[in-house]
Amino acid sequence: MNHMSVTTKKSLLTGLIICWMSVVCLYSQDFDGPRPTGSSSEGINIGKRSSTNLQLTTHNYGGSHGFLFNAYKSPSTVSGNLSASGNTKYANMSTHSGGAGAIMFHANGGKMDFLVSGESAGAGQDVAWGAVKMRIQRNGKIGIHKVTPLAKLDVYNSSTLAGVFDPAKASLRVGDNNFQLIMDGNEVYGNHSLVIAAKEKIHLGNVDANGRTLNMSILPSGNVGIGEENPSAILHVNNRTGLGSSVGDKSLLTRTSGTADNRVSSDVWLIRDANEPAGQDGWLTSRMHHSISVDGTYQNPGGNTRVWWDRDPYNNIQSWGNSSSTYMTLKNGRLGIGTDDIPSDYLLAVDGKVITEEVLVEVSTSWPDYVFDQDYNLRSLEDTEAYIKENSHLPDVPSASQIESEGLALGEMNALLLKKIEELTLHTIEQQKQIEQQKQLQQLLLSRLEELENKTK
């Protein structure tokens, strides 16, 4: 076959095409049978329907081989050499109204081109082929409107969907008149439900010359990962951009926003509180900051977000606030309200006033009923007076300066006040006894005085 002459090859190819066209005609309606006319240079007219003629012509032009198909409403011929540059002529017909133009298969240089002309402009006019509609290369690559196909099937379309469902502008359409899928190089649309499914994972991402980046993954379990190829939860969001190592560096992890007259967004940030220590884990100096932003004016998580919630996992601290003010801090189980300065031996610190209907204080120290024990050493009033003159406050009671610096222990102070009341009660009882004794003595003196007065009369 390699030594077969060009003429033999052309004859064999012509025979195959004629056979193929004959089979097509056999299965066409209103078959009129083959009607060869004219000489070999004029080609062959193949009757397809009673009102239409299909013409086949083969040429050898510049060492290329090809077939020219032409369809008119009546028998005709196409004269001139096979060419894609215009020297193939339309048939010399009196009228070309409704002519479908010509179709050419052109083989040259290890490729085959498919060209279609416009309707015939007039008898004897050059065929206007225009651009190559389809090309098949020797390596098996096929280009549609693409003369240098890069892939096995390369479709070029100068139109774009541009956000509109318009099949006429699509590069590919699949479906029927009711359900359609259309696409171009940038967009894919379905005019009804569009189902994208896979037996295993579904990945969405970007790709360039350096490789692919998977930005979103859907597992068969329904878990969705954004920035995470193997999501471990229903929604797993991972910011693959690492937090900077310098103090003040921040990274926005998620944002949820909506419009309520203003643009409101809920943002989750990762923030660096101190320079990352060398040789240590970076999370030791980072915290998570959840903030509310309004109209983009509160997007800096460093202290001026509208309403925020901070979480420091290493130091076990959570804080809530507004702008640069801290409302509440939870530090290792100790709560601060209005302050983040919580002494280590206290569970609650409040900077401000507290109003409540009832407070129950459980006192771990002994309640001062021991004051009424028989062996209790009750301080005398004389000693108490001397202590007050020297210290300007009651014994056992904190001084004003001590309360100012150390605060007031409510349970201890109540117990201390009760102790003083009980001691005062003991002194009052003792004083009442002395008063009763004095009243008895006074009554005795009055009685004796009356006796003396009676004797002197």
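Here are some notes:
- Full extension of the chain between residue 325 and residue 148 gives 57.2 nm of extra length, using 0.36 nm per residue less the Cα-Cα distance.
- 3J(HN,Hα) from dihedral phi, the stretch 180-185, Karplus parametrisation 6.51/-1.76/1.60, rounded to Hz, x for glycine, proline: 9, 10, 10, 7, 10, x
- Segments 205-217, 224-236 sorted - mean Cβ within 10 Å per residue, highest first: 224-236, 205-217
- Using a Förster distance of 35 Å, the FRET efficiency for residue 280-residue 187 (Cβ separation, nearest 0.05): 0.15
- Pairwise FRET efficiency - residue 288 versus residue 164, Cβ, R0 = 35 Å, nearest 0.05: 0.25
- For the residue pairs 250/353; 141/199; 133/201; 141/201, the C-alpha atoms sit more than 32 angstrom apart in 250/353; 133/201.
- Note that the stretch 420-429 has calculated 3J(HN,Hα) couplings of 5, 5, 5, 5, 5, 5, 4, 5, 5, 4 Hz, one per residue in order, obtained from phi through the Karplus relation 6.51 cos²θ - 1.76 cosθ + 1.60 (θ = phi - 60°); glycine and proline are x.
- When each of the peptides 321-329, 170-178 is scored by the mean number of other C-beta atoms lying within 10 Å of its residues, the order from highest to lowest reads 321-329, 170-178.
- Hits among aspartates and glutamates - C-alpha to C-alpha of residue 419 under 16 Å, sequence gap 8 or more where chains match: 369, 373, 375, 396
- Between residue 345 and residue 246, the FRET efficiency estimated from the beta carbon spacing at R0 = 56 angstrom works out to 0.95.
- As a rough guide to protection, the peptides 438-445, 307-314 ranked by mean Cβ packing within 10 Å, highest first, stand as 307-314, 438-445.
Every read-out reported here was derived from the displayed coordinates using simple, explicitly stated rules and does not represent laboratory data. Bear in mind that the values here come from a model prediction, so they are computed numbers and not experimental data. Glycine gets a Cβ as well: all are built from the backbone with ideal geometry, and neighbour counts include every protein chain shown.
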